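What follows is a set of notes on a single structure, which appears directly below.
All of the numbers you see were taken from the coordinates with simple rules; none came from a lab. In this text, all values refer to a predicted model and were calculated from it rather than measured experimentally. All Cβ positions, glycine included, derive from the backbone under ideal geometry; neighbour counts span all protein chains shown.
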Amino acid sequence: MKKNILIISSSPRKGGNSDTLCDEFKKGAETAEHSVEKLFLRDFKINYCTGCGACYNTKKCSQKDDMQIILDKMIKADVIVLATPVYFYTMCGQLKTMIDRCCSGYTEITDKEFYYIMTAADTMPDCADRIITEFDGFMDCLTNPIVKKTIAAVGVWNKGEVNSTDFMKEAFNIGMAIK
């Protein structure tokens, strides 16, 4: 069955390691004939949540920026990939800001499959554990999310280092294996 896949790359660097893994995941998913769209958060204007509470009653954010575009795509997707570089053992600010802004529509992000992609300079695989916990906190607020796979590409710091690792093949194969 063909799925609608949304990849959200939060890397501030186009062609950075996490962004490159997103591209490889996309190639795999497209090989399996899924419909795939990749968003690069850097290309969108997303303000910080102001905590005004307007969305609690209206289900609409009072801010006029690009977040509603992203939220609509998340609601329509069957599969969502959240990708981030690891900064100081946490997700990058761009992705955290986007997650915070899901407040107005998170109740509509239901029955989605999720994949996580993270890249870190640290060589220890458990360096991604905190980010997984942060992602799981987001999942705890959604209805019936299904976390499928996590790619924690460690030991990649400089742009392009991921290209010579087995993480590239892993990203392609996971994308291709989506059913």
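Overview of results
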| read-out | value |
| --- | --- |
| Any hit, the range 124-145, residues being assigned to a strand (DSSP E or B) and within 14 Å of the chain's Cα centre (by Cα) | no |
| Residue match in the range 64-86 (condition: in contact with a Ser or Thr (Cβ under 9 Å, 6 or more places away or on another chain), touching a residue at least 40 places away in the same chain (Cβ under 8 Å), assigned to a loop (DSSP other than H, G, I, E, B) and crowded, with 20+ Cβ neighbours inside 10 Å) | no |
| Any pair with Cβ under 6 angstrom, 6 or more apart, that starts in the range 135-147 at a residue that is surrounded by 13 or more Cβ atoms within 10 Å (Cβ to Cβ) and ends at one that is part of a loop (DSSP other than H, G, I, E, B) and among the β-branched types (Val, Ile, Thr) | Leu142/Ile109 |
| Residues located in the range 10-31, provided they are out of contact with any Ser or Thr (no Cβ under 8 Å at 6 or more places or on another chain), within 22 Å of Ile75 (Cα to Cα) and among the small types (Gly, Ala, Ser) | Ala29 |
| Residue count, the range 43-63 (criterion: part of a helix (DSSP H, G or I) and surrounded by 14 or more Cβ atoms within 10 Å (Cβ to Cβ)) | 2 |
| Filter pass, Arg101 being crowded, with 18+ Cβ neighbours inside 10 Å, basic (Lys, Arg) and in a helix (DSSP H, G or I) | yes |
| For Thr31: the one exception among (1) surrounded by fewer than 19 Cβ atoms within 10 Å (Cβ to Cβ); (2) of a type in the set (S, T, N, Q); (3) in contact (Cβ under 8 Å) with a residue 60 or more places away in the chain; (4) closer than 19 Å to Glu134 by Cβ | (4) |
